[in-house]
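Beneath this line is the structure, given in structure tokens, with notes to follow.
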Amino acid sequence: MDELLTKDNLHYRDLARDIAEKHVKPIAAELDRTGEYPWSVVNALKEEGMMGVWIPKDYGGAGAGLLNLCIVVEQISRKCGGIGCTYVVNALGSLPIVLAGTEEQKKKYLPDIASGKKLIAFCLSEKNAGSDAGSLKARAERDGDDYVINGDKKWTTNGEAASIYSVFATVNPERGTRGVTAFIVERETPGFELGKREDLMGIRCVPVNETHFRNCRVSASELLGGAEGRGFKHAMMTLDVARPFVAAQGLGIAQGALDLALEYTKERQQFGQSIASFQGIQFMLADMATQVEAARHLVYTAARAVDAGVKDVSKISAMCKVFATDTAMKVSTDAVQLFGGYGYCRDYPIEKYMRDAKITQIYEGTNQIQRMVIGRALIKEGASA
Ligand code: CAA
């Protein structure tokens with residue numbers, strides 16, 4: 001429904017669609033096999049000034065807001081969920097600085113991220129602190145003008161591609177979530193180590209690493225926002241804004257799977273006619289398209305709410321993440337079904353969509369955690385009504 005989009009939205013959509021067609025689609029299957037990072041896509045995005053769509057103009061970005069970012073992510077993920085992920089995770093890593101960094105930190109880091117010169121990753125999760133992010137164990141201790149970080153992070157998405165990391169550690173384990181503090185750590189900092197790369201089911205071009213901190217010394221000027229004990233709130237604020245663009249990744253995967261299913265069912269002949277001419281198949285396509293459209297509206301609404309400065313977006317952000325990523329899983333599974341036996345073979349592109357979709361229900365907060373966030377918000381609203 002182009003009529004509901006602004007000129008600016010259409011500009012970003014067309015630009016991203018073009019990059020996805022020319023640069024993403026041709027390499028998606030190969031990168032799925034080789035696990036190589038999509039540097040050629042990063043370069044294409046850099047050339048079009050798309051690496052900092054979400055970063056404010058004052059710090060070298062386009063200042064184009066969350067909706068435009070979601071539109072770009074959707075178009076890239078429509079051709080490859082993995083490449084879509086490499087792009088969204090860079091936005092995720094930079095958001096703590098955008099939302100809570102000091103002026104000095106913003107000026108130091110954001111221009112290089114906006115230009116695409118440097119990529120940034122997000123180090124929150126640990127082996128035993130996934131959904132329960134507040135129970136993280138990485139420790140940061142003040143030592144003169146520095147902090148010394150020790151600990152191990154898990155699931156650092158874009159780990160080996162990034163050169164800057166938003167890292168969450170506790171300065172006081174007894175304070176629980178109120179001890180969590182965020183730091184900005186550069187890759188060459190002594191004591192920072194890249195660990196094992198995970199062997200993933202989908203999004204196989206995305207390097208997801210363990211990251212280790214061994215007496216990793218950073219200046220107190222790298223303490224995010226200059227304040228101890230605010231890190232958990234910074235992480236939650238970040239996720240509230242980030243969940244819509246992971247939802248947009250799910251939306252793009254769902255739309256891409258629907259595109260392929262439509263194309264295939266129109267071509268595939270059985271019983272002397274295209275299988276798309278059967279009502280049973282049309283009903284499936286109709287349900288898939290309706291779910292995709294509903295997901296799009298929820299994602300765009302959440303993004304518009306963030307852009308409009310709505311104060312509390314936790315619920316709508318979690319809602320769009322649940323709905324769009326569950327839609328990605330359902331629609332890509334149905335698309336595989338519509339391809340029949342061919343859908344299960346790697347000769348055809350559709351099974352990759354199903355593998356790529358699965359992670360979107362898990363990362364950026366599992367969809368069970370999203371339902372918890374929604375449920376808590378409903379109860380709070382009810383109590384204050
Ligand atoms: N904004 C600001 N502050 C918030 C907040 C929000 N959205 N949500 C909670 N807080 C504050 C609370 O107000 C509270 O503050 P006080 O101490 O002042 O009271 C504090 O944070 C603790 O809040 P809770 O008691 O609600 O925290 P909790 O321990 O119950 O956890 C949770 C809540 C929603 C389950 C949270 O832990 C969570 O979101 N878990 C999932 C983690 C997650 O999404 N991980 C994804 C990692 S990134 C990733 O996956 C990306 C990738 O690889 C691509």
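All of the numbers you see were taken from the coordinates with simple rules; none came from a lab. Small disclaimer: the values here were computed from a predicted structure and weren't measured. Every residue, glycine as well, gets a Cβ built from its backbone with ideal geometry; the counts of neighbours run over all protein chains shown.
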*Exposed-loop-free span, longest in the chain, where chymotrypsin sites (Phe, Trp or Tyr not before Pro) count as exposed if DSSP calls them loop and at most 16 other C-beta atoms lie within 10 Å*: 1-270
*Base-10 log of normalised Debye intensity for the chain (one unit scatterer per alpha-carbon) at q = 0.08, 0.09, 0.12, 0.14 Å⁻¹*: -0.40, -0.51, -0.89, -1.18
*When the Kirkwood radius is taken over all Cα pairs of segment 120-229, what Stokes-Einstein diffusion coefficient follows at 20 °C and 1.002 mPa s, in µm²/s?*
155 µm²/s
*Round to a whole angstrom and tell me the spacing of the C-alpha centers of segment 115-132 and segment 83-104.*
10 Å
*Is there a pair in 57/108; 153/196; 57/107; 79/315 whose C-alpha atoms are over 18 Å apart, and which pairs would that be?*
79/315
_Length-normalised contact order of segment 243-385 in % [C-alpha pairs under 8 Å, at least 6 apart]_ = 33 percent
*asked:* Could you derive backbone 3J(HN,Hα) for segment 67-79 from the dihedral phi with the Karplus parameters 6.51, -1.76 and 1.60 (θ = phi - 60°), listing whole Hz in sequence and x where the residue is Gly or Pro?
replied: 4, 5, 4, 4, 5, 5, 4, 4, 5, 5, 5, 4, 9
_Net charge of neighbours whose Cβ lies under 11 Å from the Cβ of residue 109, counting Lys and Arg as +1 and Asp and Glu as -1_ = +1
*Round to the nearest 10 and give me the degree value, 0 to 90, for the angle of helix 103-115's Cα axis relative to the longest principal axis of the chain.*
30 degrees
_Estimated vicinal HN-Hα couplings, Hz - segment 266-282 in sequence order (Karplus 6.51, -1.76, 1.60; Gly, Pro = x)_ = 6, 8, 5, 9, 9, 6, x, 8, 5, 5, 5, 7, 7, 4, x, 6, 4
_Spatial extent of segment 283-333: Rg and Dmax, with the Cα atoms as the point set, Å_ = 12.2, 40
*Summing +1 for each Lys or Arg and -1 for each Asp or Glu, what net charge is found among the other residues whose Cβ lies under 12 Å from the Cβ of residue 146?*
-2
*Cα-derived Rg to Rh of segment 222-270, Kirkwood definition*: 1.45
*In whole Å, how far is the Cα centre of segment 296-330 from that of segment 1-57?*
21 Å
*Using the reciprocal of the averaged 1/r over all distinct C-alpha pairs, how large is the Kirkwood radius of segment 42-143 in Å?*
14.8 Å
*Do any of 25/352; 321/358; 25/266; 330/358; 266/352; 127/352 go past 18 Å between their Cα atoms, and which?*
25/266; 266/352; 127/352
_Using each residue's phi in segment 313-327, evaluate 6.51 cos²θ - 1.76 cosθ + 1.60 at θ = phi - 60° and report the 3J(HN,Hα) Karplus result to the nearest Hz, with x for Gly and Pro._
10, 3, 5, 5, 5, 5, 4, 5, 5, 4, 5, 5, 7, 5, 5
*Which semi-axis lengths, in whole Å and largest first, follow from the square roots of five times the eigenvalues of the Cα gyration tensor of segment 233-384?*
35, 15, 12
_Charge dipole (debye, nearest 20) of segment 250-345; +1 at Cβ of Lys and Arg, -1 at Cβ of Asp and Glu_ = 220 debye
*asked:* What do you get for the angle between helix 367-384 and the principal long axis of the chain? Use alpha-carbon atoms, 0 to 90 degrees, nearest ten.
replied: 70 degrees
*Please determine, in degrees from 0 to 90 and to the nearest 10, the orientation of helix 81-100 with respect to the longest principal axis defined by the Cα atoms of the chain, where the helix direction is its Cα long axis.*
30 degrees
